[in-house]
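For reference, the structure is listed below as structure tokens.
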């Protein structure tokens, strides 16, 4: 694991973003299926259930990394941010996040697949 990406991710989402995710998770009765089925209210960001209770997908149509200009590792930091956020919500579960595609690599959107074991 790239330690700098992990720390960058925690620094980026460990404050208000984490609080927002925790609030949403509680409002969904701590149910990932409900969380990932709810409209995010943001046209640039989505979540969806791929396999109930196990596999989820999230993505956005533009790079949202504040370090967008440095050209180094932002997509890996985004992946680590998702691992951190969802691990905070489900600390007793194994969270795996796979990068499916990214805007920085020429795709039309960033897509990440989250697997919960």
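The values are calculated or read from the model by the stated rules, or taken from the named source; none is laboratory data. Nothing here was measured: the structure is a model prediction, and the numbers come from that model. Note that we place each Cβ from the backbone using ideal geometry, even for glycine, and neighbour counts take in every protein chain shown.
The figures follow:
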read-out	value
Members of region 37-70 that are modelled with pLDDT of 80 or more, exposed (fewer than 14 other Cβ atoms within 10 Å of the Cβ) and touching a helix residue (DSSP H, G or I) at 6+ places or on another chain (Cβ under 7 Å)	48, 52, 53
Selection within region 92-110 - modelled with pLDDT of 90 or more and more than 16 Å from residue 81 (Cβ to Cβ)	92, 93, 94, 101
Residues satisfying the stated conditions in region 7-36, i.e. surrounded by 15 or more Cβ atoms within 10 Å (Cβ to Cβ), part of a helix (DSSP H, G or I) and either free of Cβ contacts under 8 Å to residues at least 60 places away in the same chain or within 13 Å of the chain's Cα centre (by Cα) (or both)	9, 10, 12, 13, 18, 21, 24, 32, 35, 36
Flag for residue 30 being closer than 13 Å to residue 86 by Cβ, in contact with a strand residue (DSSP E or B) (Cβ under 7 Å, 6 or more places away or on another chain) and modelled with pLDDT of 90 or more	no
Qualifying positions in region 71-89 - at pLDDT below 65 and under 14 Å from residue 4 (Cα atoms)	72, 73, 74
